[in-house]
Amino acid sequence: MNTVVMRLAAQALLGRRRIWLLIGLAGLLLAVAALTRWGSGGNPATTATMMMNFGLGILLPIMCLLIGTGVIAPEIEDGSVVYLLAKPLRRSTIALSKLVVAHLIALIFTVVPVVLATLIAGDVGGELARAFAVTTALASVTYVSVFFAIAVLSSNPTIIGLLYAVLWEGSLAGYVPGVRTLSVRQWALAPAEAMLGGNAVVNVHSDVSIAVGIILIVAVVLASFAVAVRRLARLNVRVAD
């Protein structure tokens, strides 16, 4: 990893506009959690439904989209990536440095609000909060990796990312059985289901086993990284030409 690249990535992600968007989305989740608590009286089953459909199904992918694309897309759009690629750095070092920063920031802005929202909406001795913390961490790392690769591959990463987040993860993967097994949310929920141990009080279910979920997450993260590195190398060749 390269500390200069990491510092620039952090500055890009923590810029005034982007950080306020992230804070706003986190605040929205907490507000919805408070309304859920008020409406259900702290029913943990209602909390689980709200978190899986709204928190994990909609807000989490959108927050990761802002982070995963924001760490590289602006540099590609304004052409400043040329100066970064001109440095004597391996493309894998550049990609890894940016991804590490993006993952750390994503974990802070997603796991913390999810845990707080779960506790506010209604929990069972903190069991749901712990389970959703693990789910959020796994999903965040996966989403950020995927959106980073999309940002390197496409000139319209935000549009493609939104379509994926809203249509696939937010809609189809939530209700169509055949599609659910190809959802990052379902993969990340597998450990949560195992942690809760089939607790009848809450409704947390994944369509894949914990082993399959973890394997698919690792495979997608590694594949996204490899694709991003390959594309960055090709960008470098094109600039040189």
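Values for this structure:
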| item | result |
| --- | --- |
| Sorted largest first, extent of the chain alpha carbons per principal axis (Å) | 62, 36, 28 |
| Two-site FRET efficiency, residue 93 against residue 28, from Cβ-Cβ distance with R₀ of 35 Å, rounded to 0.05 | 0.45 |
| Packing-based ranking, highest mean first, of 140-149, 118-127, 61-70, 209-218 given that Cβ atoms within 10 Å are counted | 140-149, 61-70, 118-127, 209-218 |
| DSSP H segments from the chain that extend 24 Å or more along their own axis, Cα-based, with Kyte-Doolittle mean of 1.0 or above | 91-121, 127-153, 210-240 |
| Relative contact order computed over the chain (Cα-Cα under 8 Å; 6+ residues apart), in percent | 26 percent |
| Hydrodynamic radius (Kirkwood) for region 25-68, which is based on Cα pairs only, to one decimal in Å | 10.8 Å |
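All of the numbers you see were taken from the coordinates with simple rules; none came from a lab. Note that the coordinates shown come from a computational prediction; the quantities given were computed from them, not determined experimentally. Because the Cβ atoms are built from the backbone with ideal geometry, glycine has one as well, and the counts that use them run over all protein chains shown.
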